[in-house]
Amino acid sequence: MKLSYYTKIKLLLLPYLLGILLLVVIPAAGSFFLAFFHYDGISTPVWAGNLNFILAYTDDLFLLSVRNSLALIILPVPLRVLGMFLTAYLMRGNGKFINWLRAFVYLPTIIPTVAYALAWLWILNPLFGPVNHILSAFGLYAPGWFADPQWAKPALVLMSFWQIGEGFLVSLAALQDIPKELDDASRLDGASTSQVFWRIYLPLMFPILLILAFRDTVVTLHESFATILITTLGGPYYSTFTLPLFIYEKAFDLLSFGTASAAMWIMYLLTGLIILSLYITARQWDVDITDETFVV
């Protein structure tokens, strides 16, 4: 039997969809029901109504964790997306040296999270880390980084700037898909390099950058757990205590799985609101992200 093209595509996607169903959808649905029960992992669940949501919301650490999570998103995500785009723009040419630079930019992305976090613990070590040695050599202030409540979040942001490989590749592919004739025609009309960048490349790339911002927001909010757990454990003095750490503490330290589930669904809601606000902002700027009109 000869299968159609779309049937083959669906069959190829089937294992991925099954994985999402078993590892994401079913556990998420289970946690939603668990959010309405008192459950310690051993005893029989007891109905609690919406009490777990109230306990999570009224916990001082919950509000602190939300503020810390947003602090790692609001400014760092746009800067990181801008860094992805500018790096790809500067490396859009051809050449052996450029290819090596591209590999260098992408390399930190494939390093396992634990190894990456341990490496940065050494790089930003206040006593013998290379960064503080360089700063001291130039007579600059050498901060305590992960040991200082004021510098712990900037240290996490600095770490995240080196993991832009995936967004860099997407931006590079999109840049190379822009017809070179547009560049040539604008230069023949007398446009400068900066005008070509601001009037040609940036508007055409904006839908791609918006999608990268969506992705980076979700990844930062949900998957920063391992990095923070290894580098700061949420400290010092709860300065890096984020929402995933709050959920982890409720579930596995205090065995309050109901409250942890309620907090997790609040995190889902928060993620959805951030994505929605980005989408509304994009629509205000007349940016279309559909497949048919993937242009400004």
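The values are calculated or read from the model by the stated rules, or taken from the named source; none is laboratory data. This structure is a prediction, so every number in the text was calculated from the model and none was measured. Here the Cβ is made from the backbone with ideal geometry for all residues, glycine too, and neighbour counts use every protein chain on show. The accessibility values were calculated without ligands, DNA or RNA, using every heavy atom of the protein model including side chains. Shrake-Rupley method; radii C 1.70, N 1.55, O 1.52, S 1.80 Å.
Would you confirm, using the coordinates I've provided, whether T87 is at pLDDT below 90 and of a type in the set (S, T, N, Q)?
Against the criterion (at pLDDT below 90 and of a type in the set (S, T, N, Q)), T87 does not qualify.
Among (1) farther than 28 Å from I200 by Cβ; (2) touching a residue at least 24 places away in the same chain (Cβ under 8 Å); (3) not in a loop (DSSP other than H, G, I, E, B), which single condition is L135 missing?
Here L135 meets the rest and fails (2).
Does K153 satisfy the condition of being without any contact (Cβ under 8 Å) to a residue 12 or more places away in the chain and open to solvent by 20 Å² or more (accessible area, probe 1.4 Å)?
Considered against the rule, which asks whether it is without any contact (Cβ under 8 Å) to a residue 12 or more places away in the chain and open to solvent by 20 Å² or more (accessible area, probe 1.4 Å), K153 comes out as no.
Kindly indicate whether any position in segment 14-34 is open to solvent by 70 Å² or more (accessible area, probe 1.4 Å) and in a loop (DSSP other than H, G, I, E, B).
no
Output the residues belonging to segment 159-191 that are open to solvent by 60 Å² or more (accessible area, probe 1.4 Å), part of a helix (DSSP H, G or I), within 26 Å of S69 (Cα to Cα) and of a type outside the set (D, E, K, R).
Listed by number, the list holds a single entry, V170.
Name every residue in segment 140-150 that is open to solvent by less than 70 Å² (accessible area, probe 1.4 Å) and either more than 26 Å from L82 (Cα to Cα) or not in a helix (DSSP H, G or I) (or both), in order of residue number. Steps first, please.
If we filter segment 140-150 for residues that are open to solvent by less than 70 Å² (accessible area, probe 1.4 Å), which is where we start, we get 142-146, 148-149.
The answer is A142, P143, G144, D148, P149.
Could you check, for segment 16-38, whether at least one of its residues is under 15 Å from A262 (Cβ atoms) and of a type in the set (V, I, T)?
So far as segment 16-38 goes, no, none of its residues is under 15 Å from A262 (Cβ atoms) and of a type in the set (V, I, T).
Counting just the residues of segment 210-259 that are in contact (Cβ under 8 Å) with a residue 60 or more places away in the chain and among the small types (G, A, S), which one comes out nearest to W162 (Cα to Cα)?
S224
Can you name the residue in segment 226-282 that is part of a loop (DSSP other than H, G, I, E, B) and either acidic (D, E) or under 21 Å from H38 (Cβ atoms) (or both) and is also most open to solvent (accessible area, probe 1.4 Å) among such residues? First the steps, then the outcome.
Within segment 226-282, the first condition is being part of a loop (DSSP other than H, G, I, E, B), and the residues that meet it are 232-242, 254-256.
Now narrow it down to the ones that are either acidic (D, E) or under 21 Å from H38 (Cβ atoms) (or both): 254-256.
Numbers: L254: 103, L255: 79, S256: 35 Å².
Applying the filter and picking the extreme gives L254.
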